[in-house]
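Notes for the one structure printed next.
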Amino acid sequence: MKKTNDNKKNNNLNITRRLLKNELLRGSSAYLLASIATSSIPFLLLPILTRYLTPAEYGEVAMFSVWVSLMGAFCGLSVHGAASRKYFDFYDSTDELAKFIFMCLVILAVTTTFLGVLVLVASPILSNVLALPSKWLIIGVVCAGLNFIVQLRLGQWQVRKKPKPHGVFQVSQALVNMSLSLLFVTVLYLGASGRILGIVLATILFAFIAAGLLYKNNLIRVCWQPSMAKEALRFGIPLIPHIVGMFLLNTVDRAVITSELGVDKAGIYMVAIQVSMAVAIILDAVNKTFVPWLFERLKRDNEVEKQKVVKVTYGYYLLLALGVVLSFLWADDVLLVVAGADYSEAASLVAWVILAKGFHGGYLMVTNYLFYTKNTGILSSITIACGLLNVALLFLFINAWGLLGVAWAYAASKLIQWLTTWFFANRQVPMPWLKPVFSN
């Protein structure tokens, strides 16, 4: 018996050593820690900003974020992803990759300039609809364009399996963003403009740093290659429906609230979203850990292992359900402690937003099957359809139930997105979802 126990201990030790030496696991951990640190900063800022910003000012910040997110779908047309993919074609020729990246930057310059002119002309109308000064609309376009450069630099580190500079860069930008925001809001008392300036200046600074690092690493070479531009566009343009769908599903609600109820209500709703950010961070961390584990088992295509995947998924769903129940019991109290009495109206919204995040957690567990089979077209269709449904429900519910109706529309759309994705995922990768999960 003692020998058997010793053998088990040695086997466990060997497994632990192999895991510690595993490059993929180490890299994933580094990306995960950086992602958690970066995503945590807006949540950590919340108790401070809500004491210095009125709901209307917080709403203005929310609308600026919405605007930058929307412009980000069109500035550069997502071709920075094409540059990451192209590395595997040109990994033995940095010179060719540098030409490709330059053409991606040309696409960025053209699209950003076009959008800037368009927004400048339409700014009087857009300013009234979004409750944002015209200057922030123009600056938002520039900010979205510069963020493309940041993503380009991060992508090149990622494909080269360099998680440390990737993580340091991400976290550093987030810390600078936070520090500048605190300076402008709590010391200089610039209100909403101070928070927006913190976002903009951090983006400008790190975009220039990213561009400098790309040039220093010989990843930009001025060379006119229209064929490369066409190839990049063939990659980026099909992603736009998915990005727009995600915008309609996750972000457009703040614009609708501003239009229908006023910018102060958008600020209150944004606080509820920020409180739920802690849940989103956990869901993202679980998903990044789950994906490689899932893909390994799908590749082996073993029925017993598939049954184990189903058990793990259902177990996770039970934990999500428990978390949602607890949020309905305690979330409103947490909101009042974190945000203060001025945002008490958000207390009734938090649990419903967390419910929506719970549905999103369920969605993440099944959407990976579509990524595994590379059926991203199905994913884009689902995202667009659910995004449009969310918009329709928003206008229907907001008139009847106000902010609570917005939270209900969000939760309903996320539920349908999860169930629809689950249905199509099972068609692509059949899993034993209906078999007894506790059988041997």
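Please identify the pairs in which a residue from segment 259-283 that is closer than 30 Å to L318 by Cα has its Cβ atom under 7 Å from the Cβ atom of a residue that is in a helix (DSSP H, G or I) and basic (K, R), counting only partners at least 6 apart or on another chain.
As it stands, the answer is Y269/R254; M270/R254; S276/K357; V279/K357; A280/K357; L283/K357, since those pairs meet every condition given.
From the list I139, I149, pick out the single residue that is surrounded by 14 or more Cβ atoms within 10 Å (Cβ to Cβ), β-branched (V, I, T), touching a residue at least 24 places away in the same chain (Cβ under 8 Å) and within 18 Å of G212 (Cβ to Cβ).
I149
Could you check segment 284-306 and list, in sequence order, the residues that are of a type outside the set (A, V, I, L, M, F, W, C) and in contact (Cβ under 8 Å) with a residue 24 or more places away in the chain?
Within segment 284-306, D284, N287, K288, T289, P292, E303, K306 qualify.
Given the conditions (1) within 29 Å of V263 (Cα to Cα); (2) in contact with a Pro (Cβ under 9 Å, 6 or more places away or on another chain); (3) crowded, with 19+ Cβ neighbours inside 10 Å, and given that M103 satisfies all but one, which numbered condition is not satisfied?
Of the numbered conditions (1) within 29 Å of V263 (Cα to Cα); (2) in contact with a Pro (Cβ under 9 Å, 6 or more places away or on another chain); (3) crowded, with 19+ Cβ neighbours inside 10 Å, the odd one out for M103 is (1).
S413 versus (1) at pLDDT 95 or above; (2) more than 20 Å from the chain's Cα centre (by Cα): which is the lone unmet condition?
All conditions are met except number (2).
Give the residue, chosen from L97, L77, that is modelled with pLDDT of 85 or more, outside any loop (DSSP other than H, G, I, E, B), open to solvent by 20 Å² or more (accessible area, probe 1.4 Å) and in contact with a helix residue (DSSP H, G or I) (Cβ under 8 Å, 6 or more places away or on another chain).
L77
Against the condition under 16 Å from the mean Cα position of the chain (by Cα), in contact (Cβ under 8 Å) with a residue 60 or more places away in the chain and within 24 Å of A266 (Cα to Cα), how does G358 come out, does it pass?
Criteria met by G358.
Within segment 217-233, can you find the residues that are in contact with a helix residue (DSSP H, G or I) (Cβ under 6 Å, 6 or more places away or on another chain) and not hydrophobic (A, V, I, L, M, F, W, C)?
N218, R221, Q225
Return the residue satisfying two criteria in turn: it lies in segment 353-409 and is at negative phi and part of a loop (DSSP other than H, G, I, E, B), and of such residues it is surrounded by the most Cβ atoms within 10 Å (Cβ to Cβ).
Top of the filtered list is N375.
Quick check on this structure: which one of A356, A385, A339 is within 14 Å of A407 (Cα to Cα) and among the small types (G, A, S)?
Unique residue meeting the criteria: A356.
Among the listed residues G323, G236, G245, G267, identify the single one that is in contact with a helix residue (DSSP H, G or I) (Cβ under 9 Å, 6 or more places away or on another chain), closer than 22 Å to L396 by Cβ and in a helix (DSSP H, G or I).
Criteria check complete, one pass: G245.
Taking the condition of being open to solvent by 60 Å² or more (accessible area, probe 1.4 Å), in a helix (DSSP H, G or I) and closer than 27 Å to G81 by Cβ, how many residues in segment 152-193 meet it?
So the count comes out to 4.
I'm trying to understand the selection: among the residues of segment 419-433, which are open to solvent by 40 Å² or more (accessible area, probe 1.4 Å) and in contact (Cβ under 8 Å) with a residue 40 or more places away in the chain?
W422, F424, N426, Q428, listed by residue number.
Please verify whether segment 82-91 includes one or more residues that are surrounded by 23 or more Cβ atoms within 10 Å (Cβ to Cβ) and within 30 Å of V256 (Cβ to Cβ).
no
Report, ordered by the first and then the second residue, all pairs with beta carbons closer than 9 Å, sequence separation of six or more or different chains, a first member in segment 313-325 that is in contact (Cβ under 8 Å) with a residue 60 or more places away in the chain and over 11 Å from G362 (Cα atoms), and a second member that is among the aromatic types (F, W, Y) and assigned to a helix (DSSP H, G or I).
From segment 313-325, no pairs qualify.
From the set of residues in segment 236-295 that are of a type in the set (D, E) and more than 14 Å from the chain's Cα centre (by Cα), which is surrounded by the most Cβ atoms within 10 Å (Cβ to Cβ)?
Initial filter on segment 236-295 (of a type in the set (D, E)): 253, 260, 264, 284.
With more than 14 Å from the chain's Cα centre (by Cα) added as a condition, the list becomes 253, 260, 264.
Working: D253: 27, E260: 15, D264: 19.
Here the answer is D253.
The values are calculated or read from the model by the stated rules, or taken from the named source; none is laboratory data. These figures come from a predicted structure and were not determined experimentally. Note: ideal-geometry Cβ built from the backbone for every residue, glycine included; neighbour counts use all protein chains shown. Just the protein is used for accessible areas: all its heavy atoms, side chains included, with ligands, DNA and RNA removed. Shrake-Rupley method; radii C 1.70, N 1.55, O 1.52, S 1.80 Å.
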